[in-house]
Amino acid sequence: MTSSRQRQLLTVGGVAVLVIGLALLVVPREPGGGSPEVGFIQDMISHDAAALELLDSQLVSELGATAALVDGWSATIAASDGGAASLLESWNQSPSTDRLALEWMGHMPVGTTPGSIDPAVISALTTETGDDQVAGVLAAMSAHSRGAVLMARGLLGLASDDETRSFAEAVIAERNGMVVDIDRWFLDRGLLTPTWIAPMTTDPGKLDHGD
């Protein structure tokens with residue numbers, strides 16, 4: 001084989017390797033079990049479970065006129081999580097996991113999703129009456145919604161999968177809308193709106209959580 005022929009083969013081979021390499025960069029990669037996308041969706045489904053329990057409980061059905069305010073929230077959250085679960089199924093991933101919550105977020109404290117509703121809170125609300133009970137339900141949903149937004153913003157700073165990013169953007173829009181409705185309920189009654197402070201970061205130098 002002549003040196004000219006060898007050079008031609010090497011050139012062709014180099015071009016082929018380059019084309020394959022570029023193709024691998026362009027072709028979307030399916031998120032795996034350790035990815036931020038999978039971790040975020042799993043955590044969001046888990047995060048929403050207690051909220052759905054509250055919204056679907058007898059407690060909410062007894063809120064009188066305020067029940068109309070939260071009437072569509074359960075359906076909205078369930079539909080959102082249903083679409084997210086379908087994404088996990090398409091990636092051969094389970095909606096549930098033994099992994100600690102928020103590991104995918106890196107610098108957030110792991111263990112509990114931010115703003116999650118403790119079952120004890122739901123139980124305590126059953127002993128309240130009138131506007132105190134309504135205010136308790138809405139305050140719990142406000143913290144829950146703000147926590148969901150925090151996680152979704154964190155995901156936007158980490159994810160590369162477009163479908164998961166779209167899901168996160170929808171979560172931000174939906175849950176911010178819930179917070180606005182909740183704040184309006186309090187303001188209409190001359191009350192202070194619910195406050196909620198996000199858990200402290202484990203990395204004080206990165207407080208943006210993907211904003």
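Does any residue of segment 26-34 turn out to be part of a helix (DSSP H, G or I) and modelled with pLDDT of 70 or more? Before you say what the answer is, go through the steps one by one.
Pass one, segment 26-34, residues part of a helix (DSSP H, G or I): 26.
Now restrict to residues that are modelled with pLDDT of 70 or more: none.
No - not one qualifying residue is present in segment 26-34.
Please go through segment 59-117 and give me each residue that is among the acidic types (Asp, Glu) and open to solvent by 50 Å² or more (accessible area, probe 1.4 Å), ordered by number. Walk me through it before giving the result.
Narrowing segment 59-117 to residues among the acidic types (Asp, Glu): 62, 71, 81, 89, 98, 103.
Glu62, Asp71, Glu89, Asp98, Glu103 - these are the residues of segment 59-117 that are among the acidic types (Asp, Glu) and open to solvent by 50 Å² or more (accessible area, probe 1.4 Å).
Only one of Gly111, Gly72 is on the phi > 0 side of the Ramachandran plot, modelled with pLDDT under 95 and of a type outside the set (Phe, Trp, Tyr); which?
Numbers: Gly72 fails: on the phi > 0 side of the Ramachandran plot.
Matching residue, one of Gly111, Gly72: Gly111.
Being in contact with a Lys or Arg (Cβ under 8 Å, 6 or more places away or on another chain) and crowded, with 19+ Cβ neighbours inside 10 Å: is that true of Ala168 here? Lay out the reasoning, then the answer.
On the way: in contact with a Lys or Arg (Cβ under 8 Å, 6 or more places away or on another chain): yes; crowded, with 19+ Cβ neighbours inside 10 Å: yes.
Spelling it out, Ala168 is indeed in contact with a Lys or Arg (Cβ under 8 Å, 6 or more places away or on another chain) and crowded, with 19+ Cβ neighbours inside 10 Å.
Somewhere in segment 191-206, is a residue assigned to a helix (DSSP H, G or I) and not charged (D, E, K, R)? Spell out the reasoning first.
Initially, segment 191-206 is screened for residues assigned to a helix (DSSP H, G or I), giving none.
Checked segment 191-206: no residue is assigned to a helix (DSSP H, G or I) and not charged (D, E, K, R).
I need every pair where a residue in segment 68-81 that is closer than 16 Å to Gly147 by Cα has its Cβ under 6 Å from the Cβ of a residue that is part of a helix (DSSP H, G or I) and not aliphatic (A, V, I, L, M), sequence separation at least 6 or different chains.
Hits for this filter: Ile77/Asp48; Asp81/Asp48.
Among the residues in segment 108-124, are any free of Cβ contacts under 8 Å to residues at least 60 places away in the same chain, farther than 19 Å from Asp56 by Cβ and assigned to a helix (DSSP H, G or I)?
No, every residue in segment 108-124 fails to be free of Cβ contacts under 8 Å to residues at least 60 places away in the same chain, farther than 19 Å from Asp56 by Cβ and assigned to a helix (DSSP H, G or I).
Has segment 120-142 got at least one residue that is modelled with pLDDT of 95 or more, small (Gly, Ala, Ser), under 25 Å from Ala85 (Cα atoms) and in contact with a Pro (Cβ under 7 Å, 6 or more places away or on another chain)?
The answer is yes, given that some residue of segment 120-142 is modelled with pLDDT of 95 or more, small (Gly, Ala, Ser), under 25 Å from Ala85 (Cα atoms) and in contact with a Pro (Cβ under 7 Å, 6 or more places away or on another chain).
Among the listed residues Ala135, Ala140, Ala152, which satisfies the condition of being closer than 23 Å to Ala173 by Cα, over 23 Å from the mean Cα position of the chain (by Cα) and crowded, with 19+ Cβ neighbours inside 10 Å? Don't jump to the end; show me each part of the working.
Values: Ala140 fails: over 23 Å from the mean Cα position of the chain (by Cα); Ala152 fails: over 23 Å from the mean Cα position of the chain (by Cα).
Every option except Ala135 fails the conditions.
Does Ala170 qualify as being touching a residue at least 60 places away in the same chain (Cβ under 8 Å), of a type outside the set (Asp, Glu) and more than 18 Å from Ala198 (Cα to Cα)?
Working: touching a residue at least 60 places away in the same chain (Cβ under 8 Å): yes; of a type outside the set (Asp, Glu): yes; more than 18 Å from Ala198 (Cα to Cα): yes.
Yes: the conditions hold for Ala170.
Give segment 125-166 a look and list any residue that's in a loop (DSSP other than H, G, I, E, B) and β-branched (Val, Ile, Thr), or say none.
We begin by selecting, within segment 125-166, every residue in a loop (DSSP other than H, G, I, E, B); these are 126-129, 157-161.
Within segment 125-166, Thr126, Thr127, Thr129 qualify.
So which residues in segment 182-196 are surrounded by 10 or more Cβ atoms within 10 Å (Cβ to Cβ) and either in contact with a His (Cβ under 7 Å, 6 or more places away or on another chain) or not hydrophobic (A, V, I, L, M, F, W, C) (or both), if there are any at all? Full working, then the answer.
Initially, segment 182-196 is screened for residues surrounded by 10 or more Cβ atoms within 10 Å (Cβ to Cβ), giving 182-187, 189, 191, 193-194, 196.
Hits for segment 182-196 are Asp183, Arg184, Arg189, Thr193, Pro194.
The values are calculated or read from the model by the stated rules, or taken from the named source; none is laboratory data. The model shown is predicted, which means the values in this text are computed figures rather than measured ones. Don't worry about glycine lacking a Cβ; one is built from the backbone with ideal geometry, like all the others, and counts go over all protein chains shown. Areas reflect the complete protein model, heavy atoms only, side chains present, ligands, DNA and RNA absent. Shrake-Rupley method; radii C 1.70, N 1.55, O 1.52, S 1.80 Å.
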